[in-house]
Amino acid sequence: MTENSNRETDFAFVTLATTDSYCMGALVVGQCLRRHRTTRQTVVMVSTNVSSQARAALGHVFDRVLVVDVLDSGDQAHLSWLGRPELGVTFTKLHCWTLTQYSKCVFLDADTLVLCNVDELFEREELSAAPDPGWPDCFNSGVFVFRPSLITHGRLLEHARQHGSFDGGDQGLLNTFFSDWAVRDISKHLPFVYNLSAIAVYTYLPAYQEYGHNAKIVHFLGSVKPWNLRSNSQTNQHTNSHLEEFVYQWWMEYSYLHHLIKTMSHQEPAVPSQHAGPKQHVRRCRIDSRIFLITVYALFNITTCKTKLWEEGQVDYLGKDAFDNIQKKLDRFLYL
Ligand SMILES: [Mn+2]
């Protein structure tokens with residue numbers, strides 16, 4: 001095997017969903033990676049409370065769905081968790097270091113939106129990440145490059161048990177563990193466009209206007225996530241059109257997938273036989289998805305003129321014009 005052919009299966013994008021809502025985000029992460037033709041594997045870790053329907057949906061998009069139960073994992077993880085129950089979700093995320101069938105991985109939070117092919121991230125080394133907008137000497141742990149290793153995993157757990165996390169989450173823990181990130185090696189500093197926190201649009205708008213068009217991965221930091229922004233009343237309060245553009249894009253990806261999976265489940269036989277297993281459905285739906293993709297892009301073009309009006313604030317595109325109308329258009333294209 002050449003090094004190149006190894007790379008395709010040795011490297012993986014990894015994300016995590018700890019609730020059914022976050023599964024919506026994870027679906028979009030997986031879908032965007034596929035849309036932008038990643039040549040790497042895609043893995044989603046889910047915690048045990050995630051519903052079987054959500055897991056099944058993820059199975060249509062990701063190469064691998066991995067159920068992670070920290071209470072059921074190795075002794076060290078279990079004991080560390082018992083000592084620090086407040087870090088439960090953090091321990092689940094740290095589990096990505098146990099994916100040792102891959103030599104290198106890129107972790108993407110489920111609240112990110114991948115805008116283009118980002119396979120070049122695998123040229124970076126552990127631990128590469130972008131600065132956090134709130135404290136740029138810390139890296140943001142929403143996007144990072146790492147090397148799975150049981151030794152590192154064990155050290156991280158020990159570190160967590162001893163020191164906890166200064167922010168109560170994985171970011172605080174990882175920053176004190178990889179404590180020389182700020183000063184040691186500039187090649188481990190990912191450009192901000194690989195983890196463009198939506199909050200930066202508010203805090204430094206001129207920089208966003210200058211560099212925002214280079215954005216590769218958007219990160220919906222904070223408590224308001226795209227999947228919470230479906231109803232009209234909530235979205236009307238969000239007046240930043242740049243942010244809305246990304247939320248809109250997120251919903252376009254999600255609704256595309258939603259229909260695709262719905263179509264798939266309609267085709268799914270009640271009891272799948274050996275000859276009509278999920279793989280065949282996925283293949284058939286990938287063909288359908290190509291047709292659908294063309295439709296979605298056509299819709300994007302049709303709405304270009306309308307977008308101008310949206311930008312001028314004449315159309316409430318995150319309100320009633322947004323999801324329901326897009327949904328209706330998609331329905332018409334799909335079922336007529
Ligand atoms: Mn996040």
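List of remarks:
- If R0 equals 30 Å, the separation of the Cβ atoms of Asn214 and Ser187 corresponds to a calculated FRET efficiency of about 0.95.
- The packing ranking of peptides 177-185, 52-60, 251-259, highest mean first, is 251-259, 52-60, 177-185, where packing means the average number of other beta carbon atoms within 10 angstrom of each residue.
- Dipole-positive endmost among Val183, Gly154, Leu121 within segment 117-215 (Cβ charges, Cα centre): Gly154
- Ser21 paired with Tyr202, simple spin-label distance in nm, labels 7 Å along Cα-to-beta-carbon: 1.7
- Listed residue (Gln41, Ser80, Val67) projecting farthest to the positive dipole end of segment 1-88, Cβ model: Gln41
- Using the Cβ-Cβ distance between Gln53 and Glu86 with R0 set to 22 Å, the FRET efficiency works out to roughly 0.15.
- Mean Cβ neighbour count within 10 Å, used as a protection proxy, ranking 160-172, 22-34, 75-87, 97-109 highest first: 22-34, 97-109, 160-172, 75-87
- Long pairs among Lys104/Lys262; Lys93/Lys225; Lys188/Lys216, criterion Cα-Cα beyond 26 Å: Lys104/Lys262
None of the figures in this text is laboratory data; all of them are computed from the coordinates on show. Since the structure is predicted, the reported quantities are computational estimates derived from the model, not experimental observations. Here the Cβ is made from the backbone with ideal geometry for all residues, glycine too, and neighbour counts use every protein chain on show.
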